[in-house]
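The values are calculated or read from the model by the stated rules, or taken from the named source; none is laboratory data. Quantities reported herein were computed from a predicted structural model and do not represent experimental measurements. So basically every Cβ, Gly included, is an ideal-geometry build from the backbone, and we count neighbours across all protein chains shown.
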Amino acid sequence: MRIYISVDMEGISGVTRWEDVIPSGIDYAQARRWMTDDVNAAIAGARRGGATEFVVEENHGAEMLCVLDLDRIDPDATVIRGMPRGQATTSVALAPGAPPFDGMFLIGHHAMAGQAVGICAHTIYFPHYRRVLCNGRPLGEPEMFVQMAAEQHTPTALIAGDDVVCATVAALCPGVQTAVVKRALTNTAGWIVPPARARPIITAAAERAVVELAAGSIPTSSRRGPYEFEIELHEPIPTERLAMIADHHPEFSVDGEPGDARTVRFRTETMHHGFRCAAIVRYVADLGRVPTY
Ligand SMILES: [Zn+2]
């Protein structure tokens, strides 16, 4: 059984605030180890349940998406890291035509932009994306992954993160196993169990996930496109940029008067394409190159 593991950092056990997930933070090196150990905990449980192959794809936008400690990672894993990846930057293993997986684990994923409670809640790009809507409702990164995996006939079997993201994914994915490793109090505070206690929770949930996958009791999401995206930005798009977008990016339309244009819309048939489009809006809108999260 092949398992795809998408790993982000904000939902890792122990991580509580933005400084934990940026290289200048005093606990960043420690948080990298927590992140690696949470992944290892998931692999250990999956292996116990009968899985044999583990592809880990890094999804945290610091240091060119190279955050895991490779000296600590379970040697049975292969790791996709660095950027660009010649495809969707953080989901290349879910690209159309890629070898299929039997199940997907989301480790360290986080609540979506606009959620008042949820540790380090954001969607794709913390500094500039106020909210991402899809078909009229707020959309977060975990749902994008759920849908991208579904397009490759892969069910979402495990979510590990805070109570908010686990509840969100559980509502989307019947049968998904949840590993709640912390309780969010706000966007930057939580009621935390030590990472050493969180890891057995992840291992147990991962084992259950693989057993349930083998039994065929975790369905693949049946939702499909088209998807109407709206990306609401915190700041207006520079006025001089609007004509460039109209001329060169007809796939994107911009709402709002010059000087106060803050919403970018586009439509896609697949979530895989939608995720890629959503990720480049910040460049198209010329909002500057600062680290993603
Ligand atoms: Zn991240």
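Considering only the stretch 25-45, state which residues are closer than 13 Å to I107 by Cα and among the aliphatic types (A, V, I, L, M).
Listed by number, the residues that qualify are M35, V39, A41, A42, I43.
From (1) away from the ligand (no atom under 16 Å from the Cβ); (2) farther than 18 Å from A42 by Cα; (3) exposed (fewer than 15 other Cβ atoms within 10 Å of the Cβ), pick out the condition that doesn't hold for P75.
Of (1) away from the ligand (no atom under 16 Å from the Cβ); (2) farther than 18 Å from A42 by Cα; (3) exposed (fewer than 15 other Cβ atoms within 10 Å of the Cβ), only one is false for P75: (2).
Of everything in the stretch 103-122 that's under 20 Å from E207 (Cβ atoms), of a type outside the set (A, V, I, L, M) and more than 11 Å from the ligand (Cβ to nearest atom), which residue is surrounded by the most Cβ atoms within 10 Å (Cβ to Cβ)?
Selected residue: F105.
Only one of P127, P99, P84 is surrounded by fewer than 17 Cβ atoms within 10 Å (Cβ to Cβ), in a loop (DSSP other than H, G, I, E, B) and within 16 Å of the ligand (Cβ to nearest atom); which? Let's see the steps before the verdict.
Working: P99 fails: within 16 Å of the ligand (Cβ to nearest atom); P84 fails: within 16 Å of the ligand (Cβ to nearest atom).
The unique qualifying residue is P127.
Yes/no per residue for (1) free of Cβ contacts under 8 Å to residues at least 60 places away in the same chain; (2) under 30 Å from E230 (Cβ atoms); (3) not aliphatic (A, V, I, L, M):
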site: G61; (1), (2), (3): no, yes, yes
site: D71; (1), (2), (3): yes, no, yes
site: D76; (1), (2), (3): yes, no, yes
site: I80; (1), (2), (3): yes, yes, no
site: M112; (1), (2), (3): yes, yes, no
site: I124; (1), (2), (3): no, yes, no
site: L133; (1), (2), (3): no, yes, no
site: E141; (1), (2), (3): no, yes, yes
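For the stretch 272-287, name all the residues that are of a type outside the set (V, I, T), more than 17 Å from A113 (Cβ to Cβ) and in contact (Cβ under 8 Å) with a residue 12 or more places away in the chain.
Those that are of a type outside the set (V, I, T), more than 17 Å from A113 (Cβ to Cβ) and in contact (Cβ under 8 Å) with a residue 12 or more places away in the chain: H272, R276, D286.
Quick one: T220 ticks every box in (1) modelled with pLDDT of 90 or more; (2) closer than 22 Å to P138 by Cβ; (3) among the β-branched types (V, I, T) bar one, so which box is it?
(2)
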